[in-house]
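Notes follow once the structure below has been shown.
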Amino acid sequence: PNYLALTGGSTFGITDDCTDCSVEGSGIVGQLESAGYSWKAYMQGMPHACYRGAEAGSYAKKHDPFMYYDRIRTTRRRCNRIVRFGNLSQDLRKGRLPTFVWITPDLCHDTHDCSIRTGDGFLRHLVPALLREIGPHGFLVLTYDEGESDAGCCGVAHGGRIATVLAGPDVRRHATGPGSYTHYSTLRTIEDAFGLPHLGRAADAASLGPMFKTTPRIPRGA
């Protein structure tokens, strides 16, 4: 449900890693499309675009929020934008990266099944390539989904403490937030950058704005 919070502003009553459940709507995807922004989700380990299975090798649907939204999963045009991670290198090479990019590493490179060193190696190649292409006002959000335990933190019942890092031309160097934040804060910050209304609990969440030199504004077609 953490991933739904990041993309839809709610966990929609889901409290576990169910793979046969679904939610109505399209989350931030519908917002982006209505505002004229392009998007694509790159899923490492996914066998093919729009794969509907619960798992395949190192791919896990529970880490792919877009396949839970009815209006994405059942709409071929949208579903075909949930693609294999290998497509990212092609899009980078050809200069056709969409304006909004989501990347989920597989169960090894997210350091769930493999070492932190393995995850670091994955990011060492990926992050510089992305930063070269995000433009003068783009930014990268690198975050974990949950902590090592379900211990509450910061006024939130579950999830624990996680690491979240921002990078980009408008991000303040070595800045740290003055308070506590949640996945809803991340969603709110992204929506603000695109000029989108706030979904669900993002409306009441603290923005990550203090980490930026100036509020980022992503132009259409960027």
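The values are calculated or read from the model by the stated rules, or taken from the named source; none is laboratory data. Fair warning: this is a prediction, and the values are worked out from it, not measured in the lab. For neighbour counting, all protein chains shown are included, and Cβ atoms are generated from backbone atoms with ideal geometry for every residue, glycine included.
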| request: Provide a single number: the residues in the range 25-58 that are among the aliphatic types (A, V, I, L, M), free of Cβ contacts under 8 Å to residues at least 40 places away in the same chain and under 16 Å from Ile103 (Cα atoms). | output: 2
| task | List every residue pair whose Cβ atoms sit under 6 Å apart, with the two residues 6 or more apart in sequence or on different chains, where the first one lies in the range 181-199 and is without any contact (Cβ under 8 Å) to a residue 60 or more places away in the chain and under 14 Å from Met211 (Cα atoms) and the second, anywhere, is outside any loop (DSSP other than H, G, I, E, B) and of a type in the set (A, V, I, L, M). | result | Arg188/Ala202
| task | Please work out which one of (1) assigned to a loop (DSSP other than H, G, I, E, B); (2) of a type outside the set (D, E, K, R); (3) modelled with pLDDT of 95 or more is the condition His137 fails and give its number. | result | (3)
| query | Do we have any residue at all in the range 21-41 that's charged (D, E, K, R), in contact with an Asp or Glu (Cβ under 8 Å, 6 or more places away or on another chain) and within 24 Å of Gly147 (Cβ to Cβ)? | reply | no
| note | Counting only residues in the range 17-48 that are aliphatic (A, V, I, L, M) and not in a loop (DSSP other than H, G, I, E, B), the one farthest from Phe66 (Cα to Cα) is identified as Leu32
| First in the range 98-115 and within 15 Å of Thr7 (Cα to Cα), second anywhere and in a strand (DSSP E or B), Cβ under 6 Å, 6 or more apart | Phe100/Trp39; Trp102/Ala41; Ile103/Tyr42; Thr104/Met43
| Single residue of the range 148-182 satisfying the filter (at pLDDT 95 or above and outside any loop (DSSP other than H, G, I, E, B)) that is farthest from the chain's Cα centre (by Cα) | Val171
| message | Could you list, ordered by first residue, the pairs with Cβ atoms under 7 Å in which the first is in the range 59-80 and within 13 Å of Ser22 (Cβ to Cβ) and the second is surrounded by 18 or more Cβ atoms within 10 Å (Cβ to Cβ) and aromatic (Phe, Trp, Tyr), at least 6 apart or interchain? | response | Pro65/Tyr3; Ile72/Phe66
| note | Checked against (1) of a type outside the set (Ser, Thr, Tyr); (2) in contact with a Gly (Cβ under 9 Å, 6 or more places away or on another chain); (3) part of a strand (DSSP E or B), Phe66 satisfies every condition except (3)
| Can you spot a residue in the range 46-53 that is touching a helix residue (DSSP H, G or I) at 6+ places or on another chain (Cβ under 9 Å), modelled with pLDDT under 95 and either among the β-branched types (Val, Ile, Thr) or crowded, with 17+ Cβ neighbours inside 10 Å (or both)? | no
| Out of Arg117, Arg188, which single residue is surrounded by 19 or more Cβ atoms within 10 Å (Cβ to Cβ), modelled with pLDDT of 95 or more and not hydrophobic (A, V, I, L, M, F, W, C)? | Arg188
| In the range 92-114, residue modelled with the highest pLDDT [restricted to those that are of a type in the set (Asp, Glu) and under 18 Å from the mean Cα position of the chain (by Cα)] | Asp106
